[in-house]
Amino acid sequence: VFSSTKRSRPRMTKEIEDGLRERHELDVRATVRTQDELSAALDGLPREFVGARYVVLSFLFDRPTEARLKEVRTWDTSPERLVVRDDVVYIAYDEGVHNSKLTTAALEKKLGVATTARTPETVRKLLA
């Protein structure tokens, strides 16, 4: 979590990725979200997911094609449930995440874009 006066999200993202690579030898992607965007993502959590054993918000790094979004929206992920919104996919794991076939890799393959998943509790901590 950080503050910046910079306005270019792509430039900030690149600087973060470059810094992680140079300082920590980590070759990872970064994504930048504002406090308002994180709050909106929490506010958009489907009410029917309350009480699920494990819930995650998968933030999208890029915008998937409409065809990919349509495919994901009609994807049978039972017993897991998912809801796709603008730049977040909400996932409820009613039976837990460890034996699920709905993995980050599977979701990314369907969407055609990278994601990063966080629990609602983690997002709340980022906002605190």
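The values are calculated or read from the model by the stated rules, or taken from the named source; none is laboratory data. Everything numeric here is computed off the predicted structure, so don't read it as measured data. No Cβ is skipped: glycine too gets one built from the backbone with ideal geometry, and neighbour counts run over all protein chains shown. Note: accessible area is taken over every heavy atom of the protein model, side chains too, but ligands, DNA and RNA are not part of it. Shrake-Rupley method; radii C 1.70, N 1.55, O 1.52, S 1.80 Å.
When the range 113-126 is examined, which residues are found to be free of Cβ contacts under 8 Å to residues at least 60 places away in the same chain and part of a loop (DSSP other than H, G, I, E, B)?
Answer for the range 113-126, where residues must be free of Cβ contacts under 8 Å to residues at least 60 places away in the same chain and part of a loop (DSSP other than H, G, I, E, B): just Val113.
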* When both residues are 6+ apart or on different chains and their Cβ atoms are under 7 Å apart, which pairs have a first residue that lies in the range 24-52 and is within 12 Å of Val123 (Cα to Cα) and at pLDDT 90 or above, and a second that is surrounded by 15 or more Cβ atoms within 10 Å (Cβ to Cβ) and of a type outside the set (Phe, Trp, Tyr)? -> Leu38/Val123; Ala41/Leu57; Ala41/Val88; Ala41/Val123; Leu42/Pro120; Leu42/Val123; Leu45/Pro120
* Would you check which residues across the range 10-49 are open to solvent by 100 Å² or more (accessible area, probe 1.4 Å), under 24 Å from Arg63 (Cα atoms) and of a type in the set (Lys, Arg) and list them? => Arg11, Lys14, Arg29
* Does any residue in the range 3-19 that is closer than 17 Å to Asp36 by Cβ come within less than 8 Å, Cβ to Cβ, of a residue that is among the β-branched types (Val, Ile, Thr) six or more places away or on a different chain, and which pairs are these? -> Arg9/Val32; Met12/Val32
* Only residues that are among the small types (Gly, Ala, Ser) and in a helix (DSSP H, G or I): list them for the range 24-69, please. => Ser39, Ala40, Ala41, Ala67
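Just name the residue that is least open to solvent (accessible area, probe 1.4 Å) out of those in the range 62-71 that are touching a residue at least 12 places away in the same chain (Cβ under 8 Å) and more than 25 Å from Gly96 (Cα to Cα). I'd like the intermediate steps shown before the answer.
Taking the range 62-71 as the starting set, the residues that turn out to be touching a residue at least 12 places away in the same chain (Cβ under 8 Å) are 62-65, 68-69, 71.
After this cut, where a residue has to be more than 25 Å from Gly96 (Cα to Cα) as well, the list is 62-65, 68.
Working: Asp62: 77, Arg63: 135, Pro64: 7, Thr65: 80, Arg68: 93 Å².
The selected residue is Pro64.
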* Structure fact -> If we ask which residues in the range 72-121 are of a type in the set (Phe, Trp, Tyr) and either buried (at least 17 other Cβ atoms within 10 Å of the Cβ) or in contact with a Gly (Cβ under 6 Å, 6 or more places away or on another chain) (or both), their number turns out to be 2
* **Every residue from the range 76-112 that is over 18 Å from Thr65 (Cα atoms), assigned to a loop (DSSP other than H, G, I, E, B) and in contact with a Pro (Cβ under 9 Å, 6 or more places away or on another chain)** => Asp94, Glu95, Ser100
* If you check Ser58 against the conditions, is it buried (at least 19 other Cβ atoms within 10 Å of the Cβ), among the hydroxyl-bearing types (Ser, Thr, Tyr) and under 30 Å from Ser3 (Cβ atoms)? -> yes
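Kindly indicate whether any position in the range 65-81 is under 12 Å from the mean Cα position of the chain (by Cα), within 17 Å of Ala114 (Cβ to Cβ) and among the hydroxyl-bearing types (Ser, Thr, Tyr).
Within the range 65-81, the subset under 12 Å from the mean Cα position of the chain (by Cα) is none.
Checked the range 65-81: no residue is under 12 Å from the mean Cα position of the chain (by Cα), within 17 Å of Ala114 (Cβ to Cβ) and among the hydroxyl-bearing types (Ser, Thr, Tyr).
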